[in-house]
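Notes follow once the structure below has been shown.
The values are calculated or read from the model by the stated rules, or taken from the named source; none is laboratory data. No experiment lies behind these values; they were computed from the predicted model shown. Heads up, the Cβs are rebuilt from the backbone with ideal geometry, glycines too, and the neighbour counts pull from every protein chain shown.
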Amino acid sequence: MVDDQAREFSSITACWSDGYEAVELVVDGAPVPHLVQRQRLVGLSPFARRFPKSRVREWLAGYRDPGLRANAELSKGELELTVCSVDADIDCGSFAVWLERDHDRVTWRGPHWAGDDSEDPPSDDEVLDSEIIEEDPLVYFPEKLEFRSADYDAAMDSVQQLMDAHPWPVFAPNPTGWFSRLMNRARGNKGEQLHSDDDPGGS
């Protein structure tokens, strides 16, 4: 018979996905990206080879320590479970939870869309769409998941080991898209114009 304490904890491990070229956390037997988006049409594990290893390490550090920021756009203790598969832009849709730790358990709670700090109530159309489509993970993702600290730390160690076993490129392998290149060029031209305005003599 399974005791009550064992039943209250979720299992957590890590595995390598060849299809997504990413380390994925597995909770209660299901990859986390699948728990977030059942059809897996959008959203990717942040531990993916298409992102620079330095950034992936920051994400991993945030998963370990709720006192850290996984990146500058997040609050302390805020974890992105899935990120935009193109560039991990928080505004493209990062599904997140809050991390809490004590001596024997780790808790993920309060699922939300990172970067969505709007305090306005949803419109009637938005509520209706959510009720009909039910594709928003806020509808079905557990409000709280708890893990044994030892299991959780072992899973984070496995993430690092799997990253080491699958060498990361020095740079993200996918070239920048045409729109991003255009925006970067526009920003560069704007910067040159600002410098020109500051130094009208051209010195």
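Checking Asp153 against (1) part of a helix (DSSP H, G or I); (2) assigned by TED's automatic domain parsing to the domain that holds Ala88; (3) modelled with pLDDT under 90, which test does it fail?
Of (1) part of a helix (DSSP H, G or I); (2) assigned by TED's automatic domain parsing to the domain that holds Ala88; (3) modelled with pLDDT under 90, only one is false for Asp153: (3).
Rundown of residues vs (1) at pLDDT 80 or above; (2) aromatic (Phe, Trp, Tyr), yes/no style:
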site: Leu74; (1), (2): yes, no
site: Ser94; (1), (2): yes, no
site: Arg101; (1), (2): yes, no
site: Thr107; (1), (2): yes, no
site: Trp113; (1), (2): yes, yes
site: Ser118; (1), (2): no, no
site: Ser123; (1), (2): no, no
site: Leu128; (1), (2): no, no
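Collect the residues in the stretch 72-90 that are under 12 Å from the mean Cα position of the chain (by Cα) and of a type outside the set (Val, Ile, Thr), keeping them in residue-number order.
To start, the set of residues in the stretch 72-90 that are under 12 Å from the mean Cα position of the chain (by Cα) comprises 73-74, 78-85, 87-90.
Glu73, Leu74, Glu78, Leu79, Glu80, Leu81, Cys84, Ser85, Asp87, Ala88, Asp89, listed by residue number.
Looking at Arg7, Arg69, can you tell me which residue is at pLDDT below 95, more than 20 Å from Asp157 (Cβ to Cβ), within 13 Å of the chain's Cα centre (by Cα) and of a type in the set (Lys, Arg)? Even if it seems obvious, please write down each step before you answer.
Numbers: Arg7 fails: within 13 Å of the chain's Cα centre (by Cα).
Sole residue among the options that is at pLDDT below 95, more than 20 Å from Asp157 (Cβ to Cβ), within 13 Å of the chain's Cα centre (by Cα) and of a type in the set (Lys, Arg): Arg69.
For the stretch 19-66, which residues satisfy the criterion of being surrounded by 22 or more Cβ atoms within 10 Å (Cβ to Cβ) and charged (D, E, K, R)?
Within the stretch 19-66, Glu24 is the sole residue that qualifies.
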